[in-house]
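Bear in mind that the values in this text are calculations on the coordinates, not laboratory data. All values derive from a computational prediction rather than experimental measurement. A quick note on method: Cβ atoms are made from the backbone with ideal geometry, for glycine too, and the neighbour counts reach across all protein chains shown.
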Amino acid sequence: MFADPLTQTYDVIVVGSGATGGWAAKRLSEAGIRVALLEAGREVTPKEFTEHMPAFKLKYRNVSPEIVKTRPIQKQCYACMEYNYDWFVNDLENPYSTPKDKPFTWQRLRILGGRTLVWGRQSYRMSDLDFKAYSHDGYGQDWPVSYKDIAPFYDIVEDYVGISGAAEGNAALPDGRFLPPMAMTCGEIFFRDRVKQKLGRTITIGRTAILTRNHNGRLACHYCGPCERGCVTFSYFSSPFTTVKDALKTGNCTLITNAVVAHINLEKGENRAAGVTFVDRISHRTKEIKAKAVIVCAQALESTRILLNSRTREGTMGLGNSSGLLGKGLMDHCTGAAASGDLMGFHETPSANGPNRANGIYIIRFRNTMDSPRHARFIRGYGYQGSAGPQFDFDAQGFGGGYKQAVVAGTYGISVGAFGECLARDDNFVSIDPELKDAWGIPALHISMTQGENEKAMMEDAASAGAEMLEAAGAKNIRVHSALAEPGMAIHELGIARMGNDPKRSVTDQWTQLHDVPNVFAMDGACFVSSACQNPTLTMMAIAVRSCDHLIQRFKRNEI
Amino acid sequence: MNRRELFRQALLGAAGASAAAVAGQARVFPEGYDASKELARADWKPVFFDNHQNETVIVLSDLIIPETETPGAKSALANRFLDELLAAETRETQQSFRNSLAYIDGEARKRYKDAFIHIPKENQIEFLTLLAYPHTLETWGESSEDNPGHRHFEDLKDWISRAFWTSEAGMRAIGWNGEMPHGVFTGCQHRDDAHNGPETGSQSNKG
């Protein structure tokens, strides 16, 4: 007999099926907790993966002018292409507003797995230099947790996901439980050794959620290259084919797709969540679903939008906002600083046949660390992603046979691009736009964010330090870029429901539970207190697992 | 019309097959889908270019990326792909492309008294050579030479290059063997100290 999933009783509703939602669904359902997993988009099938389809088979060879019409914002993401653009939201259906002079690029997916389908996969641990940054330099707040609290959960996540990388023993970037590292090119080894010799900085192979050997039932990477178009061997980590799959296998998890969550509902007259209201993406019908607890894992901006659109027991808008801090302190890593050039003495020619390594090198943070001097112009620090190797010279000058030959012969290029910490400032905030609504009638977000003087000074330093490292390796034709990219372009939105021990100075506790409501959790990047400079997904997943394990204990003690 | 309808039409127009076009369903490319086959049809006609513009793009394709030991942009049908792409582009982009073609023709008429496609090949090459490089050399002091021709040339070269290097012929010209890249990325295969030389990363020590 068919049972309507909406009339079932659930223990927990998880909103969002990406990196953290997938983990929440897996962890809770495997502990016997009944989960309803809500995803705003549709299911995804490997049949739509296109990583092995050459661009010439596409009508517009992957730079489709059609994307311009429906995805003018999403198309700014390198991964939004003619191959897969319908994984990304339709910007016309999903509006948001910004002040005229403060543009913000909000790149997002609505499909099972969310951004894990197209993410950059770089996976780095944070250290106490990050968790206790306030203690180090006096800015902002410390996290209510330290590295030793999170470390066991990094272990759990890494063991399951499979992170390839090399241990370096560098205090600013703790080592993890790595699969074998990917290989470096000749130029990268040369660059790494010169930079170490002359400047004492550490360069390591990118730590990435791509399997370098068979792991947990998934196959090792076959190095075709374009992970963001899917992977038939599931060699990079994406939630639909790992955590969500495991959750569904338990029989304790019900997946409800096309569920665009509007707000959280409280029990009548009580300060306790009863469930959520969502709009069916296809039929536009409004529906309700009930549970003993609600976890938002819709990504920082979307999760905070749901909380801001929810009513408290007293009837005011903004659930969990007694501190007035819900929506405040938006962060996105500052980017824009880059350096590139040509390495001399390498004669390898580029190949169109691969194998292609969807990973690069990583330059570990060296500014304002525990054992380096304090920089005069900025606090915190940055790391770089980069690569060196032979590349086709599509920028060759001239025309005719000479131009054609120059393209094929190629150059041996090197480039590095910085990701810097973004300070949490309360004047970077999100609120609900009083008029604007999305295609489902749900009030839209207003996003107001700029990068500040600290980020500007940091990116200038990163550009010159980048050139300095390229110089150290004897690179020629060095070019730098130091202007800040538009906020949002790092696609690392964080903060706006920050965790802390003091309910007056934070939105959630260290278990991501709203201080104000005992059974609502913000388990994604929204809970970050500071951004660090590391790519955040690994830390988000570790915090989600830790928070779920705590929630499981509370269920066992009948506290929920 | 929604985007799925646009996509469905794109597929019907291109390959006579349809991907799932129902809201909430996956967008799946049909088995064997290959839009480039449509460009090679014998009865192909331009939809964006007029005949003169089409001929001009063909001649420019052949000059900028000629046939060498590998096929060039003319036989790769760069003009046909650009016609299709530009037809879907914004008005501004369309106008900018037309302006660049018009500049080439206008200057050819001034210098050689005929449209670009009708002047002798040596004149075509001579003219493009003048346009192909930035005029920024400071031989006699300050350089502030206005050179819109270089801009127009670069614009046309970008379009033609994109059309060629993304075509099957273009991919094969850079050595593509027809398979999707795969294998194991082995990286540097030299001895540990092979890159410790004094000046550069010379990789002479194979093995």
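Here are a few things to note about the model shown:
- For the range A:411-420, putting each phi into the Karplus relation 6.51 cos²θ - 1.76 cosθ + 1.60 with θ = phi - 60° gives couplings of 10, 10, x, 9, 8, 9, x, 8, 10, x Hz, in residue order, rounded to whole numbers and with x for Gly and Pro.
- Estimated vicinal HN-Hα couplings, Hz - the range A:132-144 in sequence order (Karplus 6.51, -1.76, 1.60; Gly, Pro = x): 10, 5, 4, 4, 7, 9, x, 9, x, 9, 6, 6, x
- Residue-count net charge about A:Tyr147 - beta-carbon cut-off 10 Å; Lys, Arg +1, Asp, Glu -1: 0
- Expected 222 nm ellipticity per residue - DSSP helices of 4 or more, -39500 (n - 2.57), all of chain A, to 500: -6500 deg cm²/dmol
- Distance between the modelled labels on A:Asp502 and A:Val63, one decimal in nanometres: 5.3 nm (7 Å Cα→Cβ projection).
- Here is what passes the span test in chain A: the DSSP H helices with alpha carbon length of 15 Å or more along the helix axis and a Kyte-Doolittle mean of 0.0 or above are A:537-556.
- A Cβ-based charge dipole, computed about the Cα centre of the protein assembly as shown with Lys and Arg at +1 and Asp and Glu at -1, lands at about 1840 debye.
- Shape of the range A:1-75, Cα gyration tensor, a/c cut at 1.5: prolate
- Pairs of C-alpha atoms in the range A:335-411 farther apart than 21 Å represent 51 percent of all such pairs.
- Calculated P(r) tail over 12 Å for the range A:229-280, as whole % of Cα pairs: 74 percent
- With R₀ fixed at 60 Å, the C-beta to C-beta distance from A:Asp549 to A:Thr349 puts the FRET efficiency at about 0.70.
- Near the amide H of A:Cys77, within less than 5 Å, lie no amide hydrogens of residues on another chain or at least 5 residues away, with H placed in the peptide plane.
- Point-to-point label distance, B:Glu179-B:Asn99, nm (Cα→Cβ direction, 7 Å offset): 4.8 nm
- q = 0.24, 0.25 Å⁻¹: log10 I(q)/I(0) that the Debye formula gives for the range B:56-99, counting C-alpha atoms only: -0.81, -0.84
- Net charge over other residues, Cβ less than 14 angstrom from the Cβ of A:Asp246 (K, R count +1; D, E count -1): +3
- Cross-link pairs A:Lys75/B:Lys37; A:Lys47/B:Lys37; B:Lys45/B:Lys157; A:Lys245/A:Lys556; A:Lys292/A:Lys556; A:Lys26/A:Lys245 - those with Cα-Cα distance over 18 Å: A:Lys75/B:Lys37; A:Lys47/B:Lys37; B:Lys45/B:Lys157; A:Lys245/A:Lys556
- The GluC sites (Glu not before Pro) found in the range A:248-308 that occupy coil by DSSP, while having at most 10 further C-beta atoms within 10 Å, are A:Glu270.
- In this structure, the amide hydrogen of A:Leu436, modeled 1.01 Å from its nitrogen in the peptide plane, lies closer than 5 angstrom to those of A:Ala444, counting only residues at least 5 positions away or on a different chain.
- Set of the range A:78-105 residues, backbone N closer than 17 Å to the point 7 Å along the Cα-Cβ line of A:Met317: A:95-99
- Among the chymotrypsin sites (Phe, Trp or Tyr not before Pro) found in the range A:94-167, those both in a DSSP coil and sparsely packed, with 15 or fewer other Cβ atoms within 10 Å of their Cβ, are A:Tyr139.
- A:Ser464 paired with B:Thr129, simple spin-label distance in nm, labels 7 Å along Cα-to-beta-carbon: 4.5 nm
- The range B:31-48 - phi-based ³J(HN,Hα) in whole Hz, Karplus 6.51/-1.76/1.60, Gly and Pro as x: 3, x, 4, 8, 5, 5, 4, 5, 5, 8, 4, 5, 9, 4, 9, x, 10, 9
- Centre separation in Å (Cα based) which lies between the range A:82-101 and the range B:83-127: 36 Å
- Separation of the range B:45-67 and the range A:198-216, taken as the distance between their Cα centroids, equals 47 angstrom.
- B:Arg172/A:Ala166 FRET efficiency (R0 45 Å; Cβ-Cβ; nearest 0.05): 0.80
- Rounded, prolate or oblate (a/c below 1.5 giving rounded, otherwise prolate when a/b exceeds b/c) for the range A:466-557 by Cα gyration tensor: prolate
- For the protein assembly as shown, the average shadow cast by the Cα convex hull is 35.8 nm², which is a quarter of the hull's surface.
- Amide H contacts for A:Leu255 (H built 1.01 Å from N in the peptide plane; partners 5 or more residues away or on another chain; cut-off under 5 Å): A:Leu37.
- Cα gyration tensor shape of the range A:140-224, rounded if a/c is under 1.5, else prolate or oblate by comparing a/b with b/c: oblate
- Dipole of the range A:411-481, positive direction: furthest Cα of A:Tyr412, A:Leu436, A:Leu470, with charges on the beta-carbon: A:Tyr412
- Qualifying trypsin sites (Lys or Arg not before Pro) in the range A:470-560, where qualification requires a DSSP coil assignment and no more than 13 other C-beta atoms within 10 Å, comprise A:Lys504, A:Arg505, A:Arg557.
- Efficiency of FRET between A:Glu471 and B:Lys37 - r from beta-carbon atoms, R0 51 angstrom, step 0.05: 0.55
- Fraction of beta bridges assigned by DSSP in the protein assembly as shown that are antiparallel (%, nearest 5): 70 percent
- The distance separating the Cα centre of the range A:451-486 from that of the range A:404-429 comes to 10 Å.
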